[in-house]
Structure formats: C-alpha cells, structure tokens
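The values are calculated or read from the model by the stated rules, or taken from the named source; none is laboratory data. All values reported here derive from a predicted model rather than from experimental measurement. Every residue, glycine among them, receives a Cβ derived from its backbone with ideal geometry; neighbour counts consider all protein chains shown.
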Amino acid sequence: MRELQFERSGRLAWHERDRPVIVDPHDAIVRPFIAGRCDGDTVPIHRPVSRALRVGMALRLVDPVVGSICGRVPYRGPFAIGHECVAEIVSLGPGVTGLRVGQRVVVPWAVSCGTCAPCQRGLTAKCATTTASGGTLAAYGFGAACGPWGGMIADEFRVPFAEHMLVPVPPGIPAERVAAAGDNLADAWRAVVPPLAAREGGSVLVLGGGAKSIGLYAAGLAVAHGAGVVDYLDDDAERRSIAESFGASTQEGQGGYDVVVEATSRASGLRRGLRALAPGGVCTAVGYYFATGTRVPLMHMYATDATLRLGVSHSRANLPGLLDFLRRTGFPAERVTTHTAAWDDAPAAYTARTTKLVLRRDPLGDDSV
Ligand SMILES: [Zn+2]
Ligand SMILES: [Zn+2]
C-alpha cells in the first residue's frame, strides 16, 4: 500500500507500508479521496528548517516543546505526511454503530477518544487517552512523536474510536468544500465564530500570508457571520482577490478591531494584531511561533483589556457546528483552494508554492445509498 512521505525539504515520495487492519472493535479503515495540505505542512517542505530548529532548541532559542511534536530532530524524514482529508469508510470493526461502509466522512487531524475529561470539555486535540503514552499530541501526519497513525495521503488508513472520530459529510455538501474541515477550516472557525458571537456585528482584522489558507477561511467566515467590518491584509495579490471575493476589504482600517486573526505566523504580526485590538477584543494566533523570548506587548494588552488566544485547534469539537453552517449556507470554502492536483501526482504537487493545495481522486462509490 502506498503512503506519501516527507523525505527532506523539497522532496516527498510514495513509500510502501502494510495495509491497515482493524485491531480494535471500534476501529474503521477509511480510503481518503480528497486531501488538503495544511498550511503548517509547508514549513518543512519549503524551507530546510530541521537543522535550524534542532540547533535552536539546543540554544534555547526555540521552545523545546517543538521536539515533542515534530521529533527531537524536528521534521526528520522520512515520515508520513498529510492530515486533512475527506474519506470513504472501507470497513468497520464489529463494535462500531451508527456508521456504514461507503459513507463519506471528515477525519479530524488529531486522534481523540471522545470520552475522556479533555474530550468532554471539547479539548479533543489534547485527548488524555490517545496521548497516554506520553506524547504532546496524537495526530496523523506529524511522524512518530505524535503516535503510530501515519499520514492521510495513503491508499487507506486506520481510525480508532471511529464513532467519535468520523464525522459524516452532510448531504449536499461537495467533498471539495470540506477538504480542510479536519484542520485549517475548523481552525479558522474557532478563531472567528465564537469571538464574533460574543461581539455581534464586531469588526474583524485578518493578518494573512503565513498560515495562508486559515487567514482566507477566517476572512470569509467573518463576513458570513455578520461582522461589521472585515479587513484582510496580505502582500499577495491572489489571496487578496480571494478575500475580496468573500466580501472582505483589503485596506487597513482605523484600528480598534473586536476580533483579530493573526495568520502571518510571525511574532511581529502577533504584536501588530494585539495593538490593533479594540477594548475587550480578542486576538487568536493560528500560526507557529517557534522562538522563545517573543515580545508580547503585555502592558498594552493590560491597558486595552485584550485577550490573546493561542493553541492547537480542536477541530473535532468544532466540526458539528462548522458542517451544519456549510449545509445551511453553502459557504464556498473551496474558493480558497488555489491548486487541485491528481492524487497520483502528490509527491510533486505537495511541494507546490501555492496557497491551498487539494489532492483528489475518484471516490469508489457515490454515497447516495
Ligand atoms: Zn495542520
Ligand atoms: Zn479523549
């Protein structure tokens, strides 16, 4: 069976691995047919960061937690990559109820059980059961430090706790629309929808360009959720035009935003976003900030009663609300996809310098039964 693996910066390849089998009655085997490339995956692909991160951790310039997610030698290939997909269920363990073979499902990037205390609180990416062996995260597509799960760009893969993990795609939603629902789209959701719900009609600033697709999803979701103002800032013309197509402005406003989404993935963007907040505003930073010693303007935050939200996205917890919104509104999330490639071309396509790559192959069935 084939699985896409990251070998080193700029190089990916298909590798053979054993076909997955049901090992627990609550397992499922799924066949992905749409896969998105997470914004974070471009970090090791487009830059040779492995050595710099290793040296940085040794010198304490990079937070050592990076090693517990990406390995003590971060991003050392080969490892199976890919953690956003829509899949068809191929087989189900005897203990799984409520799902059927052939059903189309979104698979969250983080592996969670659904019943432990963190899962019950919605912290599904911090599941106590799946991280019990000591990892910081249990996830697809990050290598051995995040568990034995492999990547999602594979002929098939195994999903534990299937009744909880697999979220059926509601009828009427094209699979391409939810290519990133298992990670980046859900990440944008949590950065915009709950803070805007608490600040109805509020103004939103998105600093884009680092977490490239998340920033665009956030701009679109903000417009669709009734934000009074949505300003999307990015130096990339293609992304600005996508943001405008969602109804966002690409001019910087007067400041004083109720909600800021920091998607530049830079400490300077973090500081800029925090300083742009209105009193009582919330900034959610969705990028990676590897360096220690980030200068966060705490006194400015104190003076404006600012909230900074950071953290892995608990996509499983957000999927029901997100999918229901997509079903009701037809929000065209697929507009963020800037490049669609054939599944077989994944090794070359996954290195593309494009905002959002989606891989696709034909599904086996039509999921209408
Ligand atoms: Zn991701
Ligand atoms: Zn759990």
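When you scan the stretch 69-113, how many residues do you find that are within 16 Å of ligand 2 (Cβ to nearest atom), within 18 Å of Asp183 (Cβ to Cβ) and part of a loop (DSSP other than H, G, I, E, B)?
Summing the residues that are within 16 Å of ligand 2 (Cβ to nearest atom), within 18 Å of Asp183 (Cβ to Cβ) and part of a loop (DSSP other than H, G, I, E, B) in the stretch 69-113 gives 4.
Limited to the stretch 322-345, what total is found for residues that are closer than 28 Å to Ala139 by Cβ and either touching a Pro at 6+ places or on another chain (Cβ under 9 Å) or among the polar types (S, T, N, Q) (or both)?
Count: 9.
Which of (1) modelled with pLDDT of 95 or more; (2) among the hydrophobic types (A, V, I, L, M, F, W, C); (3) within 13 Å of ligand 2 (Cβ to nearest atom) does Ala211 not meet, given it meets every other one?
Result: Ala211 passes all but (3).
Name the pairs whose Cβ atoms lie under 9 Å apart, with the first residue in the stretch 10-39 and closer than 30 Å to Ser213 by Cα, the second of a type outside the set (A, V, I, L, M) and within 16 Å of ligand 2 (Cβ to nearest atom), and 6 or more positions between them or separate chains?
Listed pairs, sorted by first residue: Ala28/Pro160; Ala28/Glu163; Cys38/Trp109.
Filter the helices (runs of 4 or more DSSP H) completely within the stretch 191-310 down to those with at least 1 residues that are among the β-branched types (Val, Ile, Thr).
It comes to 212-224, 237-245, 298-304.
Among the numbered criteria (1) within 30 Å of Ile242 (Cα to Cα); (2) under 15 Å from the mean Cα position of the chain (by Cα); (3) within 16 Å of ligand 2 (Cβ to nearest atom), which one does Val167 miss?
Failing condition for Val167: (2).
If you scan the stretch 114-149, which residues turn out to be touching a Ser or Thr at 6+ places or on another chain (Cβ under 7 Å), within 8 Å of ligand 2 (Cβ to nearest atom) and assigned to a loop (DSSP other than H, G, I, E, B)?
Matches in the stretch 114-149: Cys116, Cys127, Thr130.
From the list Ser315, Ser265, which residue is under 25 Å from Leu53 (Cα atoms) and either surrounded by fewer than 16 Cβ atoms within 10 Å (Cβ to Cβ) or within 20 Å of the chain's Cα centre (by Cα) (or both)?
Ser265
Looking at (1) within 23 Å of Val193 (Cβ to Cβ); (2) in contact with a Leu (Cβ under 9 Å, 6 or more places away or on another chain); (3) modelled with pLDDT under 95; (4) not acidic (Asp, Glu), which is the one condition that is false for Gln251?
Among (1) within 23 Å of Val193 (Cβ to Cβ); (2) in contact with a Leu (Cβ under 9 Å, 6 or more places away or on another chain); (3) modelled with pLDDT under 95; (4) not acidic (Asp, Glu), the lone unmet condition for Gln251 is (1).
Among the residues of the stretch 121-146, which ones are over 20 Å from Glu84 (Cβ atoms) and surrounded by 21 or more Cβ atoms within 10 Å (Cβ to Cβ)?
Residue satisfying the conditions is Thr131 alone.
So which of Ala352, Ala317 is among the small types (Gly, Ala, Ser) and in a loop (DSSP other than H, G, I, E, B)?
Every option except Ala352 fails the conditions.
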